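Below is one structure; the comments refer to it alone.
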Amino acid sequence: MARSLSLTAAVIAAAIFPAPVWSQVDSSAALSGRAISAFNGRPLVGVMIAVPAARKFAVSVSSGAVGLAGLPTGQQNVLIAYEGRETEEYVVGFSGHRTRKLTVVLDVDAVDLAPVVVQTRFPDADWRDLGGFYARRRAYGGWGRFYTREDIARRHLNSLQTLLAGEGIITRCAGACVPTRLSFGGICSVNVTVDGMPFWEYDYENIPITDVAGVEIYRNDAFGPVALQTTLHRVDRLTGERSCGSVQIWTR
């Protein structure tokens, strides 16, 4: 990756060196972003997004929103910084007459910011990362159960097993050990994915709770996001029929 450019250096460079002609003209390429906390999904103020080649930067406001206009088209390096800490640069493609929308998910407590920087999509899109988790939390809060790191800490949950047991999901062994729950008087298996990948083994419970960034639980496949249907609709290994519900686990 390209060498990181600090905010101070960016400001000094912009003041000393005249900006290229193309940066003085609105190229119709723009960036619109939203910075949120990986801890609870709330907006973050003071997150800087810079495009060093364009000598432009902006800082997120109280709503987490941040934007840049008049950017050159093509592949550009984008730098994220917060409270004096910065990341390596991310390559983002810009097109004329279009606004590139980004979601920046920052773990502000981490030594290395290592943000999740993703293109903002609709909640129903195939968005399998922490940015998608928070988008679905906003859109599907009435259909699923969502646990952020803040929720886990507030409830003093010490393991995934404890968290899921509170939702009626318990691992049962009958030839194979699988997570299950009661449904219409019977027992059916619940599909589990970790970071968007199917996770058939029951030892997902061995994932340290401190490594968990978010958990989303759907008690019925019909209530899950459309893009996740290929993951949710799996055969129940206990009954041979379609499974009932799913658990999506996202790690730090």
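The values are calculated or read from the model by the stated rules, or taken from the named source; none is laboratory data. Small disclaimer: the values here were computed from a predicted structure and weren't measured. When we count neighbours, we look across all protein chains shown, and the Cβ atoms used for this are built from the backbone with ideal geometry, even at glycine. Remember, those area values only see protein heavy atoms, side chains included, never the ligands or the DNA or RNA. Shrake-Rupley method; radii C 1.70, N 1.55, O 1.52, S 1.80 Å.
List the residues, sorted by chain then number, that are 5 or more residues from ALA38 or on another chain and whose placed amide H is less than 5 Å from its amide H.
Under 5 Å from the amide H of ALA38 lie the amide H atoms of LEU106, ASP107, VAL108, each far enough along the sequence or on another chain.
State to the nearest 20 debye the size of the charge dipole of region 22-111 about its Cα centre, where the only charges are +1 on K and R beta carbons and -1 on D and E beta carbons.
340 debye
Scan around VAL78 for amide H atoms under 5 Å from its own, H built in the peptide plane at 1.01 Å from N, and keep only partners 5 or more places away or cross-chain.
Residues meeting the criterion, in which the H sits 1.01 Å from N, are TYR90, VAL91, VAL92.
Mind grabbing the accessible area of THR99 for me, 1.4 Å probe, Å², rounded to tens?
Only protein atoms counted, so the area is about 80 Å².
Would you pull out the residues with amide H under 5 Å of ALA213's amide H, same chain only if 5 or more places away, H placed 1.01 Å from N?
Here the answer is TRP250, THR251, ARG252, since their amide H atoms fall under 5 Å of that of ALA213.
Can you give the accessible area of VAL194, probe radius 1.4 Å, in Å² rounded to 10?
Using a 1.4 Å probe on the heavy atoms, I get roughly 20 Å².
In sequence order, what are the phi-derived ³J(HN,Hα) couplings for region 153-170 according to the Karplus relation 6.51 cos²θ - 1.76 cosθ + 1.60 with θ = phi - 60°, rounded to whole Hz, with x for glycine and proline?
Per residue, the Karplus-derived 3J(HN,Hα) values read 5, 5, 8, 6, 7, 9, 6, 5, 4, 5, 4, 6, 4, x, 9, x, 9, 10 Hz.
What is the sum of charges around GLY144, taking Lys and Arg as +1, Asp and Glu as -1, for the other residues whose C-beta is under 9 Å from the C-beta of GLY144?
Net of charged neighbours comes to +3.
For the full complex of protein chains and a 1.4 angstrom probe, list PHE39, PHE184, PHE146, PHE133 by accessible area with the highest value first. Kindly include the intermediate steps, with their values, before the conclusion.
Numbers: PHE39 65, PHE184 210, PHE146 30, PHE133 0 Å².
Listed by decreasing accessible area, they come as PHE184, PHE39, PHE146, PHE133.
In whole Å, what three semi-axes, largest first, describe the equivalent ellipsoid of region 35-165 built from its Cα gyration tensor (square root of 5 times each eigenvalue)? Could the numbers behind the result be given before it?
Details: eigenvalues 177, 60, 28 Å².
Value: 30, 17, 12 Å, ordered largest first.
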